[in-house]
Amino acid sequence: MTDSVEIRRGVYHDSVTLMQVSQRVRTAPGVQDALIGMGTELNLGLMRDVGFDVPAEAGPNDLVVALRGDDETAVAAGQDMLTAVLAELHDRSRAQGSTTEVAPRTVGSAARRGSAGIALVSTPGQYAALDALDAVNAGLSVMLFSDNVPLEEEIALKDAAGARDVLVMGPDCGTAVVNGAALGFANVVRPGRIGMVAASGTGAQQVMSLLDLAGEGISHCLGLGGRDLSAEVGGRSAKQALRALAADEATEHVVIVSKPAAEEVVGALEELAGELGVSVTWATLGRGRPDLTAATEQTLRDAGAQVPESWPSWGADGEASTGASGSTGHLRGLFCGGTLADEAMIIAEDTLGPIASNIPLDGAPHVSGHDTLTGHAVVDFGEDEMTQGRAHPMIDPSLRLESIRAQGADPTCGVLLLDLVLGHGSHPDPAGDLAAAVGQARSAAEADGRTLPVVVSLVGTESDPQGLQRCAETLAVVGASIFTSNAAATRAALAHLGGTR
């Protein structure tokens, strides 16, 4: 094994771009790992944690390239791949603007040079609030993709935005659609009359994709960040977003999507919606509340639209729907989307009891996503512990693929429940990689005399770059059952276990 660590001074790219660059470099022949990022304390610590010898002089203004390969030839291949990718980024940047003008050094100075209305900030969390505040002070709304932003900074930032009548979407906002433009992880959906306010990324993607399948379109999807409807943040951005959609001529109805929210915040938003005269449907997850599919169906009814008789699915799941497959063992849910994982656990615990997870529901046991799974368990591979030094699993699915293959060799695994989220920003061919891992897991189980049912929640649209139908057919070939409703997929997985605890 050969390691190489290089410092490139005077080169900057945002964290989202560098996550994608790292993923592409890992595909070079013989490359075992690639960590490419700005030399922040967090990134340098991650590199050292996995054994790279990082020079002490590396700093946050430096691009640090850490490669590990089978040998020197493999490392050279990784370096060549990196050079090609950075050249591609440089050429794209040149094509988008003048090469004679000095690049702006701050978000605020960039805002003053153009006519943009939104800034997308994805710098490391310890710096992100300052960049976002610079944008707010320049009169821009902000999509704050960055996570690890302290709660008190989020509150201060949203108060500043409220004073200037602009919107802060985030922190940790992964999905938004504004005037048809997809930001972060977002699906290609038809334009329409339903506006979304979303304190959830993959939850918003589930709802917007189902609305698209029902023939309805989105005016805007305004993300909030997962903490906005908490008691501490108090729905500061949700109130701004609701006012914005109330004033939008294209929006006739609003659906508010959220992980479990503080009741007093929901009450305040209901009161505000009444004052604004906005028709609202709630898609807020929680015990005893409708799942996201049921909430989407209610949204369609509230908007005067037709509810489909059924949502598209693929694969032979007739056995599962009757609970007659005779599978024994435990539920293992391996998710890329945290909200989809939450929804699956809320549905499953009524049948199976408390489910261990790295994002457990109240009262359920906690387990690290890196641990060997026992009993019923659900892992969110997008949780912070799983993405340190790696791209989000919707970009780099390698850790989850390893876990899927491991479950195939585990005799205690009775059914695999997976999600696959399509759209901009996601892996260009996620179904191909997932199908290969599923096929290997099912083959390993079969060699051991077992049958391993695999159920997939497929979130996306036919207009997404990956193509909904193409992905579904790829997965069906290896024996998976595919549902466009995450709730339906969860119930199908439970049926394979015969409703046992």
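The values are calculated or read from the model by the stated rules, or taken from the named source; none is laboratory data. Note that the structure is predicted; figures quoted are calculated from it, not measured. Backbone-built Cβ (ideal geometry, glycine too); neighbour counts: all protein chains shown. To get the accessible areas, we keep the full protein, side chains included, count just its heavy atoms, and leave off ligands, DNA and RNA. Shrake-Rupley method; radii C 1.70, N 1.55, O 1.52, S 1.80 Å.
Might you check whether a residue that is at pLDDT 85 or above, part of a loop (DSSP other than H, G, I, E, B) and open to solvent by less than 50 Å² (accessible area, probe 1.4 Å) occurs anywhere in the range 6-20? Within the range 6-20, none of the residues are at pLDDT 85 or above, part of a loop (DSSP other than H, G, I, E, B) and open to solvent by less than 50 Å² (accessible area, probe 1.4 Å).
Here ASP464 passes the criteria (1) more than 30 Å from ALA66 (Cα to Cα); (2) among the charged types (D, E, K, R); (3) open to solvent by 30 Å² or more (accessible area, probe 1.4 Å) except the one numbered (3). If you go through the range 21-36 and keep only what is in contact (Cβ under 8 Å) with a residue 60 or more places away in the chain and either buried (at least 21 other Cβ atoms within 10 Å of the Cβ) or over 28 Å from THR175 (Cα atoms) (or both), you end up with VAL21, SER22, VAL25, ARG26, LEU35.
One residue alone among VAL415, VAL438, VAL421 is under 20 Å from the mean Cα position of the chain (by Cα), modelled with pLDDT of 95 or more and among the β-branched types (Val, Ile, Thr), and that residue is VAL421.
Could you say which residue among MET1, MET47 is open to solvent by less than 10 Å² (accessible area, probe 1.4 Å), out of contact with any His (no Cβ under 6 Å at 6 or more places or on another chain) and over 17 Å from HIS90 (Cα atoms)?
On the way: MET1 fails: open to solvent by less than 10 Å² (accessible area, probe 1.4 Å).
Matching residue, one of MET1, MET47: MET47.
Just need a number here: residues in the range 72-94 that are open to solvent by 20 Å² or more (accessible area, probe 1.4 Å) and touching a Gly at 6+ places or on another chain (Cβ under 7 Å).
Quick first cut of the range 72-94, residues open to solvent by 20 Å² or more (accessible area, probe 1.4 Å) only: 72-73, 76-77, 79-81, 83-84, 86-94.
If we keep only those that are touching a Gly at 6+ places or on another chain (Cβ under 7 Å) too, we end up with 73, 77.
Count: 2.
If you filter the range 435-461 down to residues that are among the hydroxyl-bearing types (Ser, Thr, Tyr) and touching a residue at least 60 places away in the same chain (Cβ under 8 Å), you find that the one that is most open to solvent (accessible area, probe 1.4 Å) is THR451. Evaluation of ARG8 against the conditions (1) within 13 Å of LEU67 (Cβ to Cβ); (2) out of contact with any Leu (no Cβ under 7 Å at 6 or more places or on another chain) shows that the sole unmet condition is (2).
Of everything listed in (1) farther than 30 Å from GLY288 by Cβ; (2) open to solvent by 50 Å² or more (accessible area, probe 1.4 Å), the single unmet condition for ARG491 is (1).
Every listed requirement among (1) assigned to a helix (DSSP H, G or I); (2) touching a residue at least 60 places away in the same chain (Cβ under 8 Å); (3) crowded, with 22+ Cβ neighbours inside 10 Å is met by ALA66 save one, (1). Of the set (1) buried (at least 20 other Cβ atoms within 10 Å of the Cβ); (2) in contact with a Leu (Cβ under 9 Å, 6 or more places away or on another chain), all apply to GLY201 but (2).
Could you tell me how many of the residues in the range 463-499 are of a type in the set (Ser, Thr, Tyr) and either outside any loop (DSSP other than H, G, I, E, B) or without any contact (Cβ under 8 Å) to a residue 12 or more places away in the chain (or both)?
Initial filter on the range 463-499 (of a type in the set (Ser, Thr, Tyr)): 463, 474, 481, 484-485, 490.
Imposing the further condition that a residue be either outside any loop (DSSP other than H, G, I, E, B) or without any contact (Cβ under 8 Å) to a residue 12 or more places away in the chain (or both) reduces the set to 474, 481, 490.
Count: 3.
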